[in-house]
Each structure stands twice: as structure tokens, then as C-alpha cells.
Amino acid sequence: MALGMLRAGPAGDRSNRGAVFRGMAMRLQPLNFDRAYYRRFYGDPRTSVTSRAEMCARGRFIAAWCTYIGLAPRRILDAGCGTGMLRAPLLRALPRATYTGVEVSEYLCARHGWIHDSVADFRADRPFDLVVCYDVVQYLGDRAAARALANLARLCRGALYFSALTLEDWRDNCDRSRTDGNVHLRPGDWYRERLARRFRQAGAGLWLRRGAPLTLWEMESA
């Protein structure tokens, strides 16, 4: 999904932020995650929100953290996998793992063979060692988003990598010309409070499932 990672420059429009947020919330339109959407946000280098190099670095980082804490994932779930840019770097770094991609876009499922389902509703016979949910949940309304976070806990028995576009990101961090603003902008604490019920935060988007037989040192926890 489309989260612009480039930071806003010093001259970025940061005035009347509350009005900007209210306006965004009012202008939400039903989304069709079709070929045109992915061509704009992922296929065209002039408007793309990310790059293959950035996503490769992200995948290596996630895998390295898992290795560092003593987790050797055998089952990886990419919940809302989009075009699957994390698949190759994760499997290169974790060659003994299998990868499951779940995606709500019928277009991408037909093209790449992902499981057609939503992060809020997907069920599996057994949990995954590593769950990735990157730039997805901001597209869901509050009730569906809360259900999705609870579902991530059911699906994960080890590590979670989670990120979503927040109100703070929209105000201060993202490049709005490349970021899909047709989302539900919430404070970051909205997500942290709900994830913390079932996960321990390690920082940098990484969380450890409560009860997992792994140790987070105090000064390495957020």
C-alpha cells in the first residue's frame, strides 16, 4: 500500500494541521486497488512511494532482527503484501522459511497468486513465526482496524513488523505528493495502545508477541 517515505522539506505545508486532518477524513472515497493504483504508487518512478532498494533493505533489517533475538522463522505471513516487494529479501535472508502473502486486491491476487483476504479476517491453521503488516491498516475504519490488530496477535507467535501512516506522519514526515492520503489518519498512540495488549514493543516497527520464549533486553525495548 502507499505510504510515502520521503520526508517533507522545511517549506512543506504544515499550517492549519487540524483543518487538514479533518478535511482528509471527510474526503475518504472507496478505493479500488486496481492496476492504475499500483502503477501510480509502485510502477511509475515519478510517483512511486518506495523503491526496490528500500524494500530490500527493510526485508534484510527485519530478518536480521529476528536472527539477533534468536528467532529462526519457518513461517512468514505478509498481511497486505501488495506487489510482494518484501518476499525476495525475506526469503534470501531466511532461506529455511516459507512465505504466505495475503492481499485484498483482486488484481494483485490474480497477477501474483496471493491469498485473497483481508488482514482483519484472514485465518490460518496455525500461527506464523514472523508476521509483517506494512502500510495496510490505515485503509481500514476504526472498528475494522482494531479487529485487524487483534487478528495479527492471533496469527503471530513470534515477531511482528508493523507500520501504518499516522496523523503525525502526514503532518511532519511524508512526501504528500507521493503518499496516498485517502486513508484514516490516526495518532500513532492509537496503534501502540492496541498492539501493546498482546505485544512488547522493540522499536523501529518491531514487536515481540507476549509469551514468546524470547528475551528483549530492557534498554533495547521501546
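Just so it is clear, none of the values below were taken in a lab; they were calculated from the coordinates. Note that the coordinates shown come from a computational prediction; the quantities given were computed from them, not determined experimentally. Don't worry about glycine lacking a Cβ; one is built from the backbone with ideal geometry, like all the others, and counts go over all protein chains shown.
Per-structure values
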{"item": "In range of the label at Arg96: residues from segment 33-75 whose backbone nitrogen is under 17 Å from the point 7 Å along Cα→Cβ", "result": "63-75"}
{"item": "Ranking of Asp135, Asp125, Asp44 by count of other Cβ atoms within 10 Å, fewest first", "result": "Asp125, Asp44, Asp135"}
{"item": "Ala204-His116 FRET efficiency (beta carbon distance; Förster radius 30 Å; 0.05 resolution)", "result": "0.50"}
{"item": "Local electrostatic count, Asp44, Cβ distance below 15 Å [Lys/Arg +1, Asp/Glu -1]", "result": "+3"}
{"item": "Estimated FRET transfer efficiency (Glu218, Ala150; beta-carbon r; R0 30 Å; 0.05)", "result": "0.65"}
{"item": "Selected from Cys81, Asn173, Asn151, residue furthest toward positive end of dipole (the chain; charges at beta carbon)", "result": "Asn151"}
{"item": "Nearest-0.05 FRET efficiency for Arg197 and Asp125, computed from C-beta distance (R0 25 Å)", "result": "0.55"}
{"item": "Surrounding net charge for Gly188, when Lys and Arg each add one and Asp and Glu each subtract one, Cβ distance under 9 Å", "result": "-1"}
{"item": "Within segment 37-220: Cβ-based charge dipole about Cα centre, in debye rounded to nearest 20 (Lys, Arg +1; Asp, Glu -1)", "result": "480"}
{"item": "Cleavage-rule hits (GluC sites (Glu not before Pro)) in segment 144-222: DSSP loop, at most 16 neighbouring Cβ within 10 angstrom", "result": "none"}
{"item": "Crossing angle, helix 52-68 versus the chain [Cα axis fit, 0-90 degrees, rounded to tens]", "result": "30"}
